[in-house]
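A.B. asks: After the structure tokens below, expect a handful of questions from me.
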Amino acid sequence: MLFSWNAWKRKNKRLRLLRVEVVEGRSVRRVLFSQSGPQQSQHSTPQQSTSQQTQHSQPFKYFIMQKFIVLFAALFLMSSSAFSQKLFTRDAKIKFSSDTPMEKIEGLNKSGTCVLDAATGKMEWKVLIKGFLFEKALMQEHFNENYLESSTFPNAQFKGQISNLSEINFSQDGKYNAKASGKLTIHGVERDVNVEGTVKVSKGSVEILSNFVVKPEDYKIAIPSLVRDNIAKEIKVTVSAVLQPLKS
């Protein structure tokens, strides 16, 4: 029996280690028991534990910071894109009228185009001369063949920009007074013009309304002496359009 007991002890020397964990506050103290008695193992002090927690928390902090930066950049781009987007329409209405005691003449075009850059205020309008419709077919024929010569000068256009852009907020609904300056081309003649109007922002769309006058003689539009009293010296022009964000 003694032989068996001693043999068992020799055989199980490797099992002499027994780990006991004793929790003391935040640190963990490990005690090893052996033949020579208990031995204290390496353990983490409160300072080391705090340092380890800090090291573990740093990657998480960097992750949160990265997410915050990405979110901030996305919000900035969204807010700036709303202001910098281009607006467009191909249904602008251009109406002109000549009113004299002898005769009243009106023409209407519902297919004008306009592109507006809300960031810079630059805009471009274009209208097909043959697209103007009149009450009488004879008026339309004379307008295209004798006055505007639409076969030679098929388009009228305006290129310019809003001069008081700082007073218009395209990101906020409201009605704003607007001023624009640029070059108006009619009958192949280009002239500098300044016009005023209103800009109405509503739910992402922009409505533009403007009234101004055009003198036929400024654009070398010849009026036959026989009908000179029938044509006003100043033609009233009304422009109205609802622009939507231009889809890329």
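Laboratory data are not the source of any read-out in this text; all were calculated from the coordinates shown. Remember, predicted model here, so these are calculated numbers, not experimental data. Every residue, glycine among them, receives a Cβ derived from its backbone with ideal geometry; neighbour counts consider all protein chains shown.
A.B. asks: Length gain on complete extension for the stretch Glu207 to Glu190, per 0.36 nm per residue less the alpha carbon to alpha carbon distance?
C.D. replies: Separation in residues times 0.36 nm, less the Cα-Cα distance, equals 3.5 nm.
A.B. asks: Here is a further query. What does the convex hull of the Cα atoms of the stretch 118-248 come to per residue, in Å³, rounded to a whole number?
C.D. replies: Dividing the Cα hull volume of the stretch 118-248 by its residue count gives 131 Å³.
A.B. asks: Let me ask you something else. Only counting other Cβ atoms within 10 Å, I'd like Met139, Met102 sorted with the fewest neighbours first.
C.D. replies: Met102, Met139
A.B. asks: When Lys and Arg each count +1 and Asp and Glu each count -1, what net charge do the other residues less than 10 Å away from Ile105, Cβ to Cβ, add up to?
C.D. replies: -2
A.B. asks: What is the sum of charges, Lys and Arg at +1 and Asp and Glu at -1, for the other residues whose Cβ falls under 14 Å from the Cβ of Ser151?
C.D. replies: -2
A.B. asks: So, counting K/R as plus one and D/E as minus one, what does the shell of residues with Cβ under 15 Å around Lys220 add up to?
C.D. replies: Result for the neighbourhood of Lys220: -1.
A.B. asks: Quick one: 3J(HN,Hα) in Hz for the stretch 185-196, Karplus 6.51/-1.76/1.60 with θ = phi - 60°, rounded, Gly and Pro as x.
C.D. replies: 10, 9, 6, x, 10, 10, 9, 6, 9, 10, 10, 10
A.B. asks: With 10 angstrom as the radius, rank Glu217, Glu207 by how many other C-beta atoms surround their C-beta, starting from the fewest.
C.D. replies: Listing Glu217, Glu207 from fewest to most nearby Cβ atoms yields Glu217, Glu207.
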